[in-house]
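For reference, the structure is listed below as structure tokens.
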Amino acid sequence: NAGVTQTPKFRVLKTGQSMTLLCAQDMNHEYMYWYRQDPGMGLRLIHYSVGEGTTAKGEVPDGYNVSRLKKQNFLLGLESAAPSQTSVYFCASRVGGQGGTEAFFGQGTRLTVV
Amino acid sequence: ELKVEQNPLFLSMQEGKNYTIYCNYSTTSDRLYWYRQDPGKSLESLFVLLSNGAVKQEGRLMASLDTKARLSTLHITAAVHDLSATYFCAVDPRSGTYKYIFGTGTRLKVLA
């Protein structure tokens with residue numbers, strides 16, 4: 001199984017450009033998450049989804065949009081990139097429902113905005 | 001708003017020593033998770049703690065959960081160099097928001 005796959009792995013953007021990060025999971029998980037990781041800040045939740053067609057804001061949603069048109073895919077969009085969005089982005093997924101379940105992570109996308 | 005704090009943020013320890021990493025959280029929850037991240041890599045799950053008093057052990061690592069104190073600990077016994085990594089705790093609140101909030105991480109360096 002591929003698990004959680006993120007595309008692309010690396011990207012350099014100019015300020016003001018837009019881009020979309022793709023997260024795909026093949027585990028039939030209901031819940032999907034986008035995080036950013038910055039030195040000394042841990043992982044901060046950007047947006048998340050608890051099912052196809054649903055999205056919700058996390059801790060740091062400003063400047064990002066998301067869509068979950070298909071259960072297996074969760075897209076993160078940057079409409080007008082800013083240097084403050086330079087970060088490593090991780091996607092994660094986990095089983096839905098009331099039980100507590102571990103999350104499975106993609107390999108990360110290193111984004112630099114110049 | 002759920003806050004998850006870890007301490008210490010950095011830990012340098014000698015091989016063979018014991019130490020504990022602490023994870024405090026600010027809201028009611030009985031679902032606490034520990035992850036490990038090697039430099040430049042993704043996160044992998046270590047422990048899933050789903051009730052007050054839960055204790056899980058794997059090798060030299062042992063995790064526990066006290067939901068009344070809103071505290072989880074990750075205890076390292078007789079550290080070895082291979083345990084050098086960053087350790088994160090994450091909390092799944094019972095509020096129904098389905099958020100999955102991480103702590104700031106503890107960067108552990110085990111010196112030979």
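Read-outs: derived from the displayed coordinates by stated rules, not from any lab. This structure is a prediction, so every number in the text was calculated from the model and none was measured. Counting neighbours? That spans all protein chains shown, and the Cβs are built from the backbone with ideal geometry, glycine included.
List of remarks:
- The criterion of being farther than 25 Å from A:Met41 by Cβ, more than 10 Å from the chain's Cα centre (by Cα) and free of Cβ contacts under 8 Å to residues at least 60 places away in the same chain holds for B:Glu58.
- Within the stretch B:3-40, the set of residues being closer than 30 Å to A:Lys9 by Cα, of a type outside the set (Phe, Trp, Tyr) and more than 9 Å from every other protein chain (Cβ to nearest Cβ) comprises B:Lys3, B:Glu5, B:Leu11, B:Arg36, B:Asp38, B:Pro39.
Here is a yes/no grid of residues against (1) touching a residue at least 60 places away in the same chain (Cβ under 8 Å); (2) surrounded by 21 or more Cβ atoms within 10 Å (Cβ to Cβ); (3) more than 11 Å from every other protein chain (Cβ to nearest Cβ):
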residue	(1), (2), (3)
A:Lys71	no, no, yes
A:Glu79	yes, no, yes
A:Pro83	yes, no, yes
A:Phe90	yes, yes, no
A:Arg94	yes, yes, no
A:Gly100	no, no, no
A:Arg110	yes, no, no
A:Val114	yes, no, yes
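- Residues that are part of a loop (DSSP other than H, G, I, E, B), away from every other protein chain (no Cβ under 11 Å) and either in contact with a Pro (Cβ under 8 Å, 6 or more places away or on another chain) or surrounded by fewer than 17 Cβ atoms within 10 Å (Cβ to Cβ) (or both) within the stretch B:41-83 comprise B:Asn52, B:Gly53, B:Gly59, B:Arg60, B:Lys68, B:Ala69, B:Thr77, B:Ala78, B:Val80, listed in sequence order.
- Any hit, the stretch B:23-38, residues being in contact with a strand residue (DSSP E or B) (Cβ under 8 Å, 6 or more places away or on another chain), crowded, with 18+ Cβ neighbours inside 10 Å, touching a residue at least 24 places away in the same chain (Cβ under 8 Å) and β-branched (Val, Ile, Thr): no
- Single residue of the stretch A:39-55 satisfying the filter (closer than 17 Å to A:Val95 by Cα and facing chain B (nearest Cβ under 8 Å)) that is surrounded by the most Cβ atoms within 10 Å (Cβ to Cβ): A:Tyr48
- Residues within the stretch A:69-98 that are within 11 Å of the chain's Cα centre (by Cα) and under 16 Å from A:Ala24 (Cβ atoms), tallied: 10
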